[in-house]
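The structure appears below as structure tokens.
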Amino acid sequence: MPYQVLKFIIVGVLATLTHIFVVIALVEALYANLYLANVVAWMSALMLSYAGHRQWTFASKLKGEAHHGLRLPRFIMTSLVGLLLNISIVVILHEGFGCHYFLATAAGVSLSAFITFCFARLWVFARP
């Protein structure tokens with residue numbers, strides 16, 4: 001499992017970099033609206049993340065299986081839960097307790113990544 005966690009982190013970092021680069025490309029090159037660019041970037045990162053986790057992070061659990069109709073909706077729901085959890089933690093820590101935004105963000109990202117990994121391992125990519 002430690003190797004699987006490392007894979008999960010690597011795919012997450014690549015998805016984050018994808019998000020950042022898509023925003024930059026859309027805003028700087030195409031003069032897109034920042035908020036719309038972030039939505040497109042989030043969806044791009046989501047698909048990269050799904051593919052990476054399915055093909056690499058959790059591949060040993062899914063040999064020969066192609067249940068995208070089941071796994072992709074679960075992955076999207078898990079990602080949205082992670083996003084909402086992250087935002088909630090940031091708001092509670094920053095607004096409620098006065099924590100510095102960086103500390104609040106680090107806590108939100110860390111906890112939501114852990115929860116997302118657990119959901120991915122035990123539900124999204126679990127053997128049927």
Looking only at residues that are free of Cβ contacts under 8 Å to residues at least 24 places away in the same chain and in a loop (DSSP other than H, G, I, E, B) in segment 25-61, which one is farthest from the chain's Cα centre (by Cα)?
Tyr31
Just to be sure I understand, how many residues within segment 92-128 are over 20 Å from Gly52 (Cα atoms) and aliphatic (A, V, I, L, M)?
7
From His67, His19, which residue is farther than 16 Å from Phe117 by Cβ, touching a residue at least 60 places away in the same chain (Cβ under 8 Å) and out of contact with any Lys or Arg (no Cβ under 9 Å at 6 or more places or on another chain)?
His67
Apart from one, (1) at pLDDT below 95; (2) over 18 Å from the mean Cα position of the chain (by Cα); (3) outside the structural domain of Val124 (by TED's automatic domain parsing); (4) surrounded by 11 or more Cβ atoms within 10 Å (Cβ to Cβ) all hold for Pro2; the odd one out is (4)
Enumeration of residues in segment 83-128 that are farther than 24 Å from Val5 by Cα and part of a loop (DSSP other than H, G, I, E, B):
Phe97, Gly98, Cys99, His100
Given (1) loosely packed, with under 13 Cβ neighbours inside 10 Å; (2) in contact with a Gly (Cβ under 8 Å, 6 or more places away or on another chain); (3) hydrophobic (A, V, I, L, M, F, W, C), identify the lone condition not met by Leu17.
(2)
Go through the residues of segment 96-104 one by one and say whether even a single one is in contact (Cβ under 8 Å) with a residue 24 or more places away in the chain and either surrounded by fewer than 16 Cβ atoms within 10 Å (Cβ to Cβ) or under 18 Å from the mean Cα position of the chain (by Cα) (or both).
no
Candidates Leu80, Leu85, Leu48 - the one that is surrounded by 14 or more Cβ atoms within 10 Å (Cβ to Cβ), assigned by TED's automatic domain parsing to the domain that holds Phe125 and closer than 25 Å to Phe119 by Cα
Leu85
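The values are calculated or read from the model by the stated rules, or taken from the named source; none is laboratory data. Only a predicted model underlies this, so the values are computations on that prediction, with no experimental measurement involved. For neighbour counting, all protein chains shown are included, and Cβ atoms are generated from backbone atoms with ideal geometry for every residue, glycine included.
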